[in-house]
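This report refers to the structure that appears directly beneath it.
The values are calculated or read from the model by the stated rules, or taken from the named source; none is laboratory data. None of the values given here were measured: they were computed from a predicted structure. Reconstructed Cβ throughout: ideal geometry from the backbone, glycine too, with neighbour counts over all protein chains shown.
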Amino acid sequence: STSLERETVLLETDDNGISILTINRPDKLNALNKQVLDDLGDAFDFIEKADHIHLTIITGAGEKAFVAGADIKELSTLDKQSGEQTSATGQSLFNRIEQFSKPVIALVNGYALGGGAELAMACHIRVGTENAVFGLPEVSLGLIPGYGGTQRLPQLVGKGKAMEMILTGKQIKAEEAQKSGLLNAVHSTENALEKTKELASQILKNSPQALTASISAINAGFRSNGFAKEATLFGRLCETDDFKEGTSAFLEKRKAKFTGN
Ligand code: CO8
């Protein structure tokens, strides 16, 4: 079979071996809850085994969002131990995507915030639509990026820009994301999928084993040892009053008041 359907994820493959993996939770802007992470894991198991799939394009359902982050309702229940554990589990899925033997392209079709930006950054190449928006708003929730963002953002945009983005939590639009190195290309919403498939076809003219080796060798030069630190600090922040205030404020649709406790 060339397609897979899970509660929150759809996978369809065309005759050229290009799969479209759609995160399908549009009413929550495709926010990453445990179900989405499980379903993504299943999808990558499937893609790994499927000889007819040569490349994957990940995108978000609907017109508004790629992925608007980790599910804040689910986040709000985390404590030190489950926070560290959840961070480490997501990190290992995203590391698997980064190291995947077949190319993975993110088609960023709107908001890529928090965990959504981190998912896009774990992919090998990122193509955006004109309405793509990147941001790491975790500090506004009393948190830090916990799915590899503290490691991969500096690799893509440099340390100074990464510091600015993570410490301010501000969003940047497609054009700035492209200038900064977060997006490889930006296209109109109507053309983006076709253009991404053209890029995929260019890649797929080449030797599959050379592609796998390229991914592996490029990643070897960027091996980072900050992931464990990120998960530990993420877990520690889950114990603070500011984290409870930050996540409650989002869910109650009000501004957070931080005390530093
Ligand atoms: N989690 C849960 N629900 C969400 C999320 C989210 N991240 N984002 C949006 N939603 C929901 C909204 O609550 C709303 O639901 P409902 O209709 O039931 O009220 C629905 O999606 C639509 O969203 P909005 O009405 O807010 O749409 P707007 O167009 O007004 O705003 C925004 C769009 C700006 C994207 C806004 O939704 C927003 O700010 N979302 C949250 C963004 C955010 O802070 N994301 C980062 C989360 S933190 C994170 O990702 C940590 C990653 C590391 C985790 C590591 C270990 C667990």
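Pairing each residue of the range 63-80 that is in contact (Cβ under 8 Å) with a residue 24 or more places away in the chain with any residue that is near the ligand (Cβ under 6 Å from one of its atoms) and in a strand (DSSP E or B), provided the two are 6+ apart or on different chains, yields C-beta distances under 6 Å for 65/111; 68/111; 68/113; 69/113. Looking at the range 177-187, which of its residues are aliphatic (A, V, I, L, M) and part of a loop (DSSP other than H, G, I, E, B)? Those that are aliphatic (A, V, I, L, M) and part of a loop (DSSP other than H, G, I, E, B): 182, 183.
The requirement of being more than 26 Å from residue 236 (Cβ to Cβ), modelled with pLDDT of 95 or more and among the charged types (D, E, K, R) is not satisfied by residue 96. Residues in the range 161-188 that are within 16 Å of the ligand (Cβ to nearest atom) and touching a Ser or Thr at 6+ places or on another chain (Cβ under 6 Å): 169 only. Among the residues of the range 216-258 satisfying the criterion of being acidic (Asp, Glu) and in a loop (DSSP other than H, G, I, E, B), which is nearest to residue 84 (Cα to Cα)? Within the range 216-258, the match that is nearest to residue 84 (Cα to Cα) is 239.
Residue 138 passes every criterion in (1) in contact with a helix residue (DSSP H, G or I) (Cβ under 9 Å, 6 or more places away or on another chain); (2) more than 10 Å from the ligand (Cβ to nearest atom) apart from (2).
Looking across the range 227-247, just one residue is within 13 Å of the ligand (Cβ to nearest atom) and more than 22 Å from the chain's Cα centre (by Cα), and that is 236. Being assigned to a loop (DSSP other than H, G, I, E, B) and more than 16 Å from the ligand (Cβ to nearest atom): is that true of residue 19 here? Judged against the criteria, residue 19 is not a match.
Taking the numbered list (1) surrounded by 20 or more Cβ atoms within 10 Å (Cβ to Cβ); (2) out of contact with any Phe, Trp or Tyr (no Cβ under 6 Å at 6 or more places or on another chain); (3) over 20 Å from residue 196 (Cα atoms) in turn, residue 11 passes all entries but (3).
Going by what's in this entry, would residue 90 be described as within 15 Å of the ligand (Cβ to nearest atom) and either closer than 17 Å to residue 33 by Cα or of a type in the set (Lys, Arg) (or both)?
yes
When the residues of the range 23-54 are narrowed to those that are part of a loop (DSSP other than H, G, I, E, B), in contact (Cβ under 8 Å) with a residue 60 or more places away in the chain and touching a Phe, Trp or Tyr at 6+ places or on another chain (Cβ under 9 Å), which ends up nearest to the ligand (Cβ to nearest atom)? Going through the qualifying residues, I end up with 29. Between 260, 246, the distinction of being at positive phi and modelled with pLDDT of 95 or more belongs to 260 only.
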